[in-house]
Amino acid sequence: MDLVMQYVRKRSGSYLASILLAIAGVVANLLAYVCMAKVIVGLISGTQAFDFYRTNCLVILALLVAKEVASGASTTISHKATFKALGDIRSDISQKLFNMPLGDILARPSGELKNIIVEQVDSMETSLAHVVPEFTANLVGPLLLLIYMFVLDWRLALLSLVPLVVGMGVMMSVMNNAYQEQYKKSVAIGQRMNSAIVEYINGIEVIKTFNQGENSYKKFSDAVYDNARFYYDWMGSTMTRVAIGRLLSPMGILTVIPFGILFYLNGSVDVANLITLTILSFSTVASIIKVMNYVDDLARIGTITGEIDKILQSRELDNADTGKSPQDNTVRLEGVDFSYEEGEKVIDGIDMTIEPGCVSALVGPSGSGKSTLAKLIAGFWNVDKGAISIGGVDTRDLSLKQLSSLVSYVSQDNFLFDLSVRDNIRIGKRDATDEEVEEIAKKSACHEFIQNLSQGYDTIVGEGGGHLSGGERQRISIARAMLKDAPIIILDEATSYVDPENEAILQAAIGNLVKGKTLIIIAHRLKTVVDADKIFVIHEGRVENSGTHQELLDGSPLYRQMYEASQRGTDNA
């Protein structure tokens, strides 16, 4: 709940106004019951004055109208404040994900993150918008009324609470530690169901290709049925006690009337107070039962905020905005170690310098650590040991925003958003004009194929770019990176899906676009990097050798073997 209060306090003025209005609404409603009791007492006592009834009826009407107006205004204010608070929560989660190491994010199932950010945060809306004002109001109002009832007759006031206490006791037997644990389990099983659904949808192509529909659907359906079965069993084990508690709680009449008659007969209470207390007992208990309705909401918020807090408290990249500025675009790695899992080094003591304004290539067998090196330079992870610097400044002394502005990273599977082609390219520079977008597309050899799409630059690419081919997605990603105009560009197998004819055109376009920039290329097809200014041969997380293409052919058996193998592959093709 501390996390919730943190966001509530940001809009304490709005929530305070909502609470005061909610209290006013509850008090107005309770006063209407007081006036109602006066009318009934007047009728029983034989009051003939019409003005008495007219005045009380008008007051009752005014109080009920005031109650509705105050309650409506309270709910409107609390909902607006809550929507802004939930927006803040989602914004903070998004910023946190940006600051977290990439591996920590990828280690979580996407369905789990989607469930937390969308469903769970959204489920807090009703609770926050109503619990904060109404929970408070429905405690304060009955308390004031109880004080009034105790003034009239403390014995009947106390007796009116007996069924409520018994009923609440029965219901509270459900709201124990086991209930909290069950709710946590419900969240976990819901996340598993969401993950299974996302996995099934994302993998539908593979499922169809390998005829795994039955097995994959079984995993999906099992997750759905497990979720339903859990709720059926949980609710079945608690609803009997809840129903009994709800039945007993408002039955104040069971104690007030028999004891009230007894007190009236022995002359210790008059009929006016007896009728008033009987009527008010209904109103008091009704308000207190509303408070009980929020216990489940409070338990839900507690569990949900725990899940959100796990994300917000996750470790972050060790980047700090020190105000330092790189002198140039030299990238230097000194004694760099890195492991995804403790004790299993992927990068082992690498020293290398990538000169500014040059084309450098990282080559090596699969799993040698090339892509990991690229992502370390881009700032997706912090190194375990050693340092990576740009222009003499340790990348950890640069803010993530500053580091991001220095480096453009394009992988073979770059993600496209479900937007138009134009807007996907514009992500590289948010204020780019349509003309700038089209100009960079022409320079990146994308313009022609984009023009041939159904809606040209306004064609929606689908989720993840699913309406485009792999090569088309890569070419748009490259155009996006070029529009960003960062001084350091990393292309990690960025043309692997492009056909040979278009690859040659794209390579020439990239060559023109990156003049004067520091370009780092990772490629399995060595023919694409033979003209690089310097080639680094990476093997088992170390730099096995470096130099120009010819120098490596002469001095690196591993590079020569890789190059000859790639040549044989080209000849066979």
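For the set K345/K385; K484/K517; K375/K442; K310/K429; K324/K534, the pairs lying more than 21 angstrom apart at their alpha carbons are K375/K442; K310/K429; K324/K534. Solvent-accessible surface of the chain, taken per residue with a 1.4 Å probe and all protein chains present: 50 Å².
Loop-located GluC sites (Glu not before Pro) in the range 473-547 (DSSP state not H, G, I, E or B) with no more than 11 neighbouring Cβ atoms inside 10 Å do not occur. Evaluated with a Cβ-only charge set (Lys, Arg +1; Asp, Glu -1), the chain carries a dipole of roughly 2180 debye about its Cα centre, given to the nearest 20. Helices that extend 20 Å or more along their long axis by alpha-carbon positions and average at least 1.6 on the Kyte-Doolittle scale are, among the DSSP H runs of the chain, 12-45. Loop-resident chymotrypsin sites (Phe, Trp or Tyr not before Pro) (DSSP state other than H, G, I, E or B) in the range 1-91 with no more than 12 further Cβ atoms inside 10 Å of their Cβ are absent.
Close amide-amide hydrogen proximity is noted between I490 and S408, Y409, V410, I520, each under 5 Å apart and 5 or more residues distant or on a separate chain (H modeled in the peptide plane; Pro and chain starts excluded). Shown for the chain: the carbon plus sulfur share of the solvent-accessible area, taken with all protein chains present and a 1.4 angstrom probe, equals 57%.
Near the amide H of V543, within less than 5 Å, lie the amide hydrogens of D351, all on another chain or at least 5 residues away, with H placed in the peptide plane.
Counting Lys and Arg as +1 and Asp and Glu as -1 over every other residue whose Cβ lies under 12 Å from the Cβ of S339, the net charge comes to -4.
State the Cα centre-to-centre distance between the range 230-246 and the range 350-379 in whole Å. Result: 60 Å between the Cα centres. Each residue of the range 346-361 was assigned a 3J(HN,Hα) from its phi angle through the Karplus curve 6.51 cos²θ - 1.76 cosθ + 1.60 (θ = phi - 60°); the sequence is 9, 10, 10, x, 7, 10, 7, 10, 9, 6, x, x, 10, 9, 10, 10 Hz, with glycine and proline shown as x.
Net charge in the neighbourhood of I388 (other residues with Cβ under 13 Å of its Cβ; Lys, Arg +1, Asp, Glu -1) is -3.
This structure gives volume of the Cα convex hull per residue in Å³, computed directly, and of [x] 214; [y] 192; [z] 145 that value is listed as [x]. Sequence-ordered 3J(HN,Hα) estimates for the range 406-413 from the Karplus curve with 6.51, -1.76 and 1.60 and θ = phi - 60° stand at 8, 10, 10, 10, 10, 9, 6, 10 Hz, glycine and proline given as x. Packing here is the average count of other Cβ atoms within 10 Å per residue, and on that basis the peptides 54-66, 411-423, highest first, run 411-423, 54-66. Near A361, the amide H atoms lying under 5 Å from its own belong to I521, K534, I535, F536; only residues 5 or more places off or on other chains count, and H is placed 1.01 Å from N.
The values are calculated or read from the model by the stated rules, or taken from the named source; none is laboratory data. None of the values given here were measured: they were computed from a predicted structure. Reconstructed Cβ throughout: ideal geometry from the backbone, glycine too, with neighbour counts over all protein chains shown. Surface areas here come from the heavy atoms of the whole protein model, side chains and all, with no ligands, DNA or RNA. Shrake-Rupley method; radii C 1.70, N 1.55, O 1.52, S 1.80 Å.
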